[in-house]
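So the structure is just underneath, and the comments pick up after that.
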Amino acid sequence: MNLTLHVWRQKGPQAKGKLETYQAKNVSPDQSFLEMLDEVNDDLIKSGKDPIAFDHDCREGICGMCSQVINGRPHGHEERTTVCQLHMRQFNDGDEIFVEPWRAKAFPIQKDLIVDRSSLDAIMQSGGYTSCHTGGVPDGNTFPIPKPVADYAMDAAECIGCGACIAACPNSSAMLYTSAKVAQLAALPQGKPEARKRVKAMTEALLAEGFGNCTNHYECEAACPKGISVKFIAKLNREYLKSMMPSSLGE
Amino acid sequence: MNLFTSTVGRKILMAVTGLMLVGFITVHLLGNLSIFWGADAINAYAKHLHDLGPLVWIFRLVMLCLFAIHITFGVQLYLENKAANPEPYAVQKTLVTTFSAKTMVFTGLIILAFLIYHLLHFTVQVTNPDISAHNLPLVDGHLDVFTMVVMSFQKVFIAIIYLIAMVALFLHLSHGVSSWVQTLGWSTGPSQDKVTALGKLVAIVYGLAYIAIPLFILAHIVK
């Protein structure tokens with residue numbers, strides 16, 4: 001099939017970008033979206049032009065590097081799919097496709113479709129961890145964790161940190177991303193000791209990094225390639241309320 | 001304090017003050033609906049409120065604080081969120097959010113404008129002095145609120161202002177009522193859709209009930 005692509009091109013962080021039009025010819029329906037872009041880039045390189053820069057790594061939907069808004073939807077229109085797992089069979093011959101980078105003040109564009117997502121790392125570094133002694137691997141049953149709790153924590157831990165939630169949010173809020181880690185760790189015994197500190201630190205980092213505030217649009221959940229639920233945001237709010245209560249340790 | 005500066009703290013403030021304001025419009029609506037029981041009912045209700053004396057002023061002060069917090073942080077959060085999302089997409093799509101969620105700050109400001117007008121109209125009674133209760137003949141020694149309301153809403157212009165404001169209130173509530181459940185951390189995955197639906201239902205009931213008053217008077221059903 002043949003497609004018309006409108007791709008955001010921007011030479012550097014300070015440069016002014018614009019949409020440019022490319023033709024993708026003889027696209028196989030079995031190709032992934034990124035493979036289709038690879039071929040467009042081959043043609044660009046052959047004709048001496050600058051190829052389209054985009055982030056990618058594992059290409060199997062688990063690393064969270066893909067970051068393209070395709071026709072107004074982060075990762076494209078197929079639900080629970082990253083760009084690398086979006087296949088061209090989802091499109092029709094003659095389609096016009098708009099490809100844009102994640103847009104948020106906290107995600108400055110580096111080049112073309114590549115944005116700097118260090119702001120997400122800053123949120124994680126502020127509290128998305130548990131402090132524990134290193135040493136031998138603990139025995140499997142050291143911490144008894146009921147199955148539903150383990151499942152809940154795993155559902156939250158599914159976040160691959162791609163930033164689609166922010167790209168989709170009308171407020172560019174990173175609340176779903178932050179809540180996934182807060183909820184995962186708050187549910188588990190290893191995370192509980194630092195739960196109070198964590199929820200405050202991570203939500204403070206969220207604002208400090210220039211993300212917006214959550215106003216319950218739920219666009220994040222709809223756009224998330226891993227289907228992270230907004231129930232984790234409710235859990236974060238609950239954790240925050242708990243952290244405001246007096247503590248017996250006088251924290 | 002964290003409550004006034006943090007992202008979740010301010011969200012909680014919005015939810016709690018919003019919820020209390022819903023409490024206020026509930027009581028206000030129940031009182032207003034007494035107009036359908038005739039002149040004596042609503043005049044007695046008005047007299048009862050007046051007789052509360054200093055309590056009325058305490059109540060007004062609390063309401064002022066609630067509105068001030070809700071509006072200040074609402075506008076502040078809106079401006080912050082706009083700044084966080086400066087550049088639009090060439091193809092802009094939303095999946096699940098609603099018109100009412102996207103227009104919260106605007107419907108809120110419409111309600112604020114209406115609130116000021118509403119106070120000038122029925123409380124201070126300066127917008128239409130000819131039909132204000134202060135200038136109407138007393139009924140059994142009490143102010144004739146019923147006649148003031150009926151004569152006001154028989155004016156199409158005034159009735160339309162109230163109708164527009166109540167549509168704004170309906171839109172504001174249809175996102176707000178369900179939103180606090182999420183914000184206070186009470187929603188769980190499976191309950192989400194039910195809470196959202198219930199919030200919309202509450203908004204519809206409040207919207208219709210409030211709209212009924214000017215509409216029934218305009219249609220001369222209440223006179």
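The values are calculated or read from the model by the stated rules, or taken from the named source; none is laboratory data. Bear in mind the structure is a predicted one, so any value in this text is a computation, not a measurement. Every residue, glycine among them, receives a Cβ derived from its backbone with ideal geometry; neighbour counts consider all protein chains shown. We work out accessible area using only protein heavy atoms, side chains counted, and drop any ligands, DNA or RNA first. Shrake-Rupley method; radii C 1.70, N 1.55, O 1.52, S 1.80 Å.
With Cβ to Cβ distances under 13 Å as the rule, what net charge do the other residues near residue A:69 carry (K, R +1; D, E -1)?
Charge balance near residue A:69 sits at -2.
May I ask you to give the percent of accessible area on the protein assembly as shown that is carbon plus sulfur, with a probe radius of 1.4 Å?
Details: 14810 of 23260 Å².
Heavy-atom surface of the protein assembly as shown belonging to carbon and sulfur, 1.4 Å probe: 64 percent.
With charges only on Cβ, +1 for K and R and -1 for D and E, what is the dipole size of the protein assembly as shown about its Cα centre, in debye, rounded to 20?
On the way: 38 positive and 39 negative charges, 198 e Å.
The dipole of the protein assembly as shown has a size of about 960 debye.
Angle check, please: helix B:156-183 long axis (alpha carbons) against the longest principal axis of chain B (alpha carbons), in degrees 0 to 90, nearest 10.
Roughly 40 degrees between the two axes.
Please list, ordered by chain and number, the residues whose modelled amide H lies under 5 Å from the amide H of residue A:110; skip anything fewer than 5 residues away on the same chain.
A:115, A:116
Output the direction-averaged projected area (hull surface divided by four) of the convex hull of the alpha-carbon atoms of the range B:2-218, in nm². If you can, show how the numbers build up before the last one.
Working: hull surface 58.1 nm².
Taking the Cα atoms of the range B:2-218, their convex hull projects to 14.5 nm² on average.
For the protein assembly as shown, what is the accessible area per residue in Å² when the probe is 1.4 Å? Working shown, then result.
On the way: 23260 Å² over 474 residues.
For the protein assembly as shown, the per-residue accessible area is 49 Å².
What's the total accessible area buried between chains B and A, using a 1.4 Å probe, rounded to the nearest 100 Å²? Don't jump to the answer; show the numbers that get you there.
Numbers: alone 13560 and 13180 Å², together 23260 Å².
The buried area between B and A, both sides summed, comes to about 3500 Å².
Kindly express, to the nearest 10 degrees and within the range 0 to 90, the angle between helix A:118-127's C-alpha long axis and the longest C-alpha principal axis of chain A.
The angle comes out at about 10 degrees.
Beyond 32 Å between alpha-carbons counts as too far, so tell me which of A:46/A:226; A:105/A:242; A:49/B:102 fall in that bin.
Details: A:46/A:226 37 Å; A:105/A:242 30 Å; A:49/B:102 41 Å.
With Cα atoms farther than 32 Å apart: A:46/A:226; A:49/B:102.
Report, to two decimal places, the Cα Rg of the range A:89-134 normalised by 2.2 N^0.38 Å (N = number of residues).
Working: Rg = 17.8 Å, N = 46, 2.2 N^0.38 = 9.4 Å.
Scaled against compact globular proteins, the figure is 1.89.
Measure nothing but the geometry: give the 0 to 90° angle between the long axis through the Cα atoms of B:192-218 and the longest principal axis through the Cα atoms of chain B, rounded to 10°.
Between helix and principal axis, roughly 30 degrees.
Who wins for biggest fluctuation among B:182, B:125, B:92 in a Gaussian network model of chain B, springs between alpha carbons below 10 Å?
Sorting by GNM fluctuation, first place goes to B:92.
When Cβ neighbours within 10 Å are restricted to other protein chains, what is their mean count per residue of peptide A:172-182? Don't skip to the end; give the middle numbers.
Details: counts 7, 5, 2, 3, 0, 0, 2, 1, 0, 0, 0.
That works out to 2 on average.
On the full set of protein chains, 1.4 Å probe, figure out the accessible area of residue A:231 and give it in Å² to the nearest 10.
That residue has around 50 Å² of solvent-accessible surface.
Please report, in whole Å, how far the alpha carbons of the range A:3-111 spread along each principal axis, starting with the longest.
Cα spread of the range A:3-111 along its principal axes, largest to smallest: 37, 34, 23 Å.
For chain A, just the Cα set please: Rg and Dmax, both in angstrom.
Spelled out, the Cα radius of gyration and Dmax of chain A are 20.5, 69 Å.
Quote the accessible area belonging to residue A:245 in square angstrom, nearest 10, computed with a 1.4 Å probe and with ligands, DNA and RNA left uncounted.
Answer for residue A:245: close to 110 Å² accessible.
Using the Kirkwood radius over C-alpha pairs as Rh, can you work out the diffusion coefficient of the protein assembly as shown via Stokes-Einstein at 37 °C, viscosity 0.692 mPa s, in µm² per second?
Values: Rh = 25.5 Å.
The Stokes-Einstein estimate is 129 µm²/s.
Can you give me the relative contact order of chain B as a percent, contacts being Cα pairs under 8 Å and 6 or more apart? The partial results should precede the final answer.
On the way: 188 pairs, mean separation 55.7, N = 223.
That works out to 25 percent.
Rounded if a/c is under 1.5, else prolate if a/b beats b/c, else oblate: with a ≥ b ≥ c from the C-alpha gyration tensor eigenvalues square-rooted, which is the range B:67-111?
On the way: a/c = 3.06, a/b = 1.60, b/c = 1.91.
Judged from the Cα gyration tensor, the range B:67-111 comes out oblate (a/c at least 1.5, b/c at or above a/b).
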